[in-house]
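Participant: Here it is, the structure in full.
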């Protein structure tokens, strides 16, 4: 199925239903379909052809949703970029996917105004200023002047999106997701967690993350309402959910922590809230129990997935019974969805018995087409048709999956995936650094925080403040170490590799 099919369904069944809300703007599904069709027409008039990449650097808004859907309407490949990236990281991704066009909002304009890239033929300004900055085409008047065009109704195997994820080599990789990949993942989610007819979700998970992108697609598929929020502010979240009657929110555990810690926060102000879905990071059992107590009428659901699988591959519907909350099941990420088969395997790729640790591998229609422009890494990611996740896990006799380790040494802080190698590569470029090792340490708010163990060159010094400033010039701020430790040498294993398990054990939680 193609990703614009939900628009046609909503137009048939509830054309007057509110589709998107952003600030004072509210539009029905009939208005959204018209805007998407005209936006697709405007993109075609700019010379964009099916298969061309449209990069999007913008915070959540109704206009961003329109552009994503318009890209799929006319057969383009949407490439939503991380708004928290540095200009250097943005430039890398634009060149990597060979973006023909880039659309930017006001908040992100400063990150790309100075970029000059040969691949970019068109720069679209989708902000709110009356006059577009020099060198940028104003998007709003182009849409108004365009005539609607028919939906291309792309073949399901057509590439729909390139969503970037961090790489163990330090460079982001573009995950290729087809219309069928995303559609299968979302239908599988609905099979376990159906959307009610009156679904109103608050989109705070950014649309450059596959979780946020998928949540938007589900709402469109089922004719629900998307209330867009450009950034997470706990006071604004509560006010907007109460104002719009939002009954559904998807968040990362750190967001729930902030909500519960906000002075004056009262869950009673959200009488319509029916469901809280979290993912991207583990939820400390203590935080989950606290949240369950504060939201006695809301259902809690844990989603486990990754960019390479177009979001969720396992879901856990949390039970409120004392037996469940006191059992190990509370630490599970749930059972596989209907769009994926999951195995826990040994090093040879053979399935291990229940209760035995191994690597999580999976197969199914939600699994990516591969990494953009990286055939060798794509081949390495699969073994006999199974995607090797790099996550260590255990599956019990009832099919519940538990994450035990991250083989690829990934740190998850506030829902963001951070690869230690990328941070270590940034530190290595400082003239005073001889060696470094980066690990995740427990953090009460973010789940994990980046901790760097640094060995300095003889006779040289570097304060944590200097290292932080250096890193921020190369990588996004959320990837930079939150704490530093200086040593004369790094502990090594018998094979000569850094013993990061020892560094994690010795590092103090934040």
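Participant: When you look at residue 339, is it within 21 Å of residue 186 (Cα to Cα), at pLDDT 95 or above and buried (at least 22 other Cβ atoms within 10 Å of the Cβ), yes or no?
Facilitator: no
Participant: If you don't mind, there's one more thing I want to ask. Step by step: first the residues of the range 471-493, then only those that are free of Cβ contacts under 8 Å to residues at least 60 places away in the same chain and surrounded by 19 or more Cβ atoms within 10 Å (Cβ to Cβ), then the one that is farthest from residue 89 (Cα to Cα). Which residue is that?
Facilitator: 481
Participant: Which residue out of 124, 102, 64, 48 is in contact with a strand residue (DSSP E or B) (Cβ under 8 Å, 6 or more places away or on another chain), within 25 Å of residue 225 (Cβ to Cβ) and touching a residue at least 12 places away in the same chain (Cβ under 8 Å)?
Facilitator: Being in contact with a strand residue (DSSP E or B) (Cβ under 8 Å, 6 or more places away or on another chain), within 25 Å of residue 225 (Cβ to Cβ) and touching a residue at least 12 places away in the same chain (Cβ under 8 Å) holds for just one of 124, 102, 64, 48, which is 64.
Participant: Can you tell me how many residues within the range 427-472 are over 30 Å from residue 288 (Cα atoms) and under 23 Å from the mean Cα position of the chain (by Cα)?
Facilitator: Total satisfying the criteria: 2.
Participant: Please indicate, with yes or no, whether at least one residue in the range 165-175 is modelled with pLDDT of 95 or more, closer than 30 Å to residue 367 by Cβ and touching a strand residue (DSSP E or B) at 6+ places or on another chain (Cβ under 6 Å).
Facilitator: yes
Participant: Identify, by number, the condition in (1) crowded, with 18+ Cβ neighbours inside 10 Å; (2) in contact (Cβ under 8 Å) with a residue 40 or more places away in the chain; (3) part of a strand (DSSP E or B) that residue 452 doesn't meet.
Facilitator: (2)
Participant: Please note which helices (runs of 4 or more DSSP H) are completely contained in the range 83-154 and include at least 1 residues that are modelled with pLDDT under 95 and surrounded by 17 or more Cβ atoms within 10 Å (Cβ to Cβ).
Facilitator: Correct list: 87-96, 106-112.
Participant: Just to be sure I understand, how many residues within the range 298-329 are assigned to a loop (DSSP other than H, G, I, E, B) and either under 27 Å from the mean Cα position of the chain (by Cα) or at pLDDT 95 or above (or both)?
Facilitator: 4
Participant: In the range 11-42, which residues are touching a strand residue (DSSP E or B) at 6+ places or on another chain (Cβ under 6 Å), outside any strand (DSSP E or B) and crowded, with 24+ Cβ neighbours inside 10 Å?
Facilitator: Scanning the range 11-42 gives 29, 32.
Participant: Moving on to the next point. How many residues does the range 73-82 contain that are out of contact with any strand residue (DSSP E or B) (no Cβ under 6 Å at 6 or more places or on another chain) and either modelled with pLDDT of 95 or more or surrounded by 24 or more Cβ atoms within 10 Å (Cβ to Cβ) (or both)?
Facilitator: Number satisfying all stated conditions: 3.
Participant: Could you list, in sequence order, the residues of the range 169-220 that are part of a strand (DSSP E or B) and in contact (Cβ under 8 Å) with a residue 60 or more places away in the chain?
Facilitator: Scanning the range 169-220 gives 173, 174, 175, 176, 177, 178, 200, 203.
Participant: Looking at the range 224-233, is at least one residue under 22 Å from the mean Cα position of the chain (by Cα) and surrounded by fewer than 14 Cβ atoms within 10 Å (Cβ to Cβ)?
Facilitator: Yes, because at least one residue in the range 224-233 is under 22 Å from the mean Cα position of the chain (by Cα) and surrounded by fewer than 14 Cβ atoms within 10 Å (Cβ to Cβ).
Participant: Which ones in the range 43-62 are part of a helix (DSSP H, G or I) and crowded, with 24+ Cβ neighbours inside 10 Å?
Facilitator: Answer for the range 43-62, where residues must be part of a helix (DSSP H, G or I) and crowded, with 24+ Cβ neighbours inside 10 Å: just 43.
Participant: Among the candidates 399, 349, 390, which residue alone is out of contact with any strand residue (DSSP E or B) (no Cβ under 6 Å at 6 or more places or on another chain), at positive phi and outside any helix (DSSP H, G or I)?
Facilitator: The conditions single out 390.
Participant: Additional query: When you scan the range 276-287, do you find a residue that is out of contact with any helix residue (DSSP H, G or I) (no Cβ under 8 Å at 6 or more places or on another chain), more than 21 Å from residue 231 (Cα to Cα) and without any contact (Cβ under 8 Å) to a residue 24 or more places away in the chain, even just one?
Facilitator: yes
Participant: Here's something else I'd like to know. Which residues, counting only those in the range 305-347, are farther than 30 Å from residue 176 by Cα and touching a residue at least 24 places away in the same chain (Cβ under 8 Å)?
Facilitator: The answer is 318, 320, 325, 328, 329, 330, 331.
Participant: Would you check which residues across the range 431-440 are surrounded by 20 or more Cβ atoms within 10 Å (Cβ to Cβ) and more than 13 Å from residue 281 (Cα to Cα) and list them?
Facilitator: 433, 436, 437, 438, 439
Participant: Given the conditions (1) closer than 30 Å to residue 421 by Cα; (2) under 15 Å from the mean Cα position of the chain (by Cα); (3) surrounded by 23 or more Cβ atoms within 10 Å (Cβ to Cβ), and given that residue 281 satisfies all but one, which numbered condition is not satisfied?
Facilitator: (3)
The values are calculated or read from the model by the stated rules, or taken from the named source; none is laboratory data. Computed from a prediction, not measured in an experiment: that's the story for all the values here. Note: ideal-geometry Cβ built from the backbone for every residue, glycine included; neighbour counts use all protein chains shown.
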